[in-house]
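K.L.:
Provided herewith is a single structure, encoded as structure tokens, for subsequent inquiry.
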Amino acid sequence: MPDLIAIGYDDTTTALSAMDEVGVLASDLVIQPDAVAAIIRGEDGKFKTVTNQHEVGAGATWGMFWGLLFGILFFVPIFGMAMGAAFGALGGKLAKDSISKDFQEQVRSALQPGTSALFMIVEQMTTDKALDGLSKFGGNVIKTSLSAEDEAEIQSHLHGAA
């Protein structure tokens with residue numbers, strides 16, 4: 001069962017540094033992230049999103065997922081993705097079932113103007129080594145789990161099978 005982990009930081013730069021560290025930890029096989037994104041909320045309240053996905057295909061799928069998730073969490077279309085009926089239904093499911101209200105509220109509270117957060121979908125990790133690598137950045141961890149059914153439904157919608 002994959003976990004959705006968010007780590008909130010009190011400035012606009014730390015999430016990007018932590019994202020780089022996740023890349024190092026992944027290459028050392030300490031953490032197995034499916035997708036990683038950093039979201040920065042400027043002093044003006046505007047959001048900027050950076051993801052680790054650069055390739056077409058799976059990268060585009062996770063880009064759509066982040067757009068959907070951040071749209072639900074912050075009520076803004078981060079990627080300007082057109083929200084058709086299928087994506088609207090998926091967004092409603094994510095908001096109601098998959099991602100708890102508590103998680104949503106914690107993330108909204110953490111991402112105030114002038115802050116940033118690191119988001120990861122993680123399949124597996126060596127927790128003690130991952131914590132050692134990421135602890136130097138500080139931050140507040142917010143975590144929720146996605147059931148296998150929810151993950152399959154999300155992937156199905158994102159790949160156009162629904």
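The values are calculated or read from the model by the stated rules, or taken from the named source; none is laboratory data. This one's a predicted model, so the numbers in the text were calculated from it and none came from an experiment. All Cβ positions, even for glycine, are placed from backbone atoms using ideal geometry, and neighbour counts span all protein chains on display. Just so you know, the surface numbers come from the protein's heavy atoms only, side chains and all, with ligands and any DNA or RNA stripped out. Shrake-Rupley method; radii C 1.70, N 1.55, O 1.52, S 1.80 Å.
K.L.:
I'd like the residue in the range 98-130 that is in contact with a Leu (Cβ under 9 Å, 6 or more places away or on another chain), more than 14 Å from Ala6 (Cα to Cα) and of a type in the set (S, T, N, Q) and, out of all such residues, is surrounded by the fewest Cβ atoms within 10 Å (Cβ to Cβ).
P.N.:
Thr126
K.L.:
Contact list please: Cβ distance under 6 Å, first residue in the range 131-142 and in contact (Cβ under 8 Å) with a residue 40 or more places away in the chain, second residue of a type outside the set (Lys, Arg) and open to solvent by 100 Å² or more (accessible area, probe 1.4 Å), pairs at least six apart or on different chains.
P.N.:
Close Cβ pairs (under 6 Å, with a partner that is of a type outside the set (Lys, Arg) and open to solvent by 100 Å² or more (accessible area, probe 1.4 Å)) do not exist here.
K.L.:
Something else now. Go through the range 111-130 and give me each residue that's of a type outside the set (Val, Ile, Thr) and over 10 Å from Val30 (Cα atoms).
P.N.:
Result: Leu111, Gln112, Pro113, Gly114, Ser116, Ala117, Leu118, Phe119, Met120, Glu123.
K.L.:
If you don't mind, there's one more thing I want to ask. Looking at Gly139, Gly133 in this structure, which one is modelled with pLDDT of 60 or more, buried (at least 16 other Cβ atoms within 10 Å of the Cβ) and over 18 Å from the mean Cα position of the chain (by Cα)?
P.N.:
Gly133
K.L.:
Taking the stated definitions as given, is Val56 open to solvent by 40 Å² or more (accessible area, probe 1.4 Å), modelled with pLDDT of 75 or more and more than 16 Å from the chain's Cα centre (by Cα)?
P.N.:
Judged against the criteria, Val56 is not a match.
K.L.:
What pairs come out if I take residues in the range 27-52 that are open to solvent by less than 30 Å² (accessible area, probe 1.4 Å) and pair them with residues that are part of a loop (DSSP other than H, G, I, E, B) and modelled with pLDDT of 90 or more whose C-beta lies under 6 Å away, six or more apart or interchain?
P.N.:
Note: pairs meeting the criteria are Ile40/Thr12; Gly45/Pro113.
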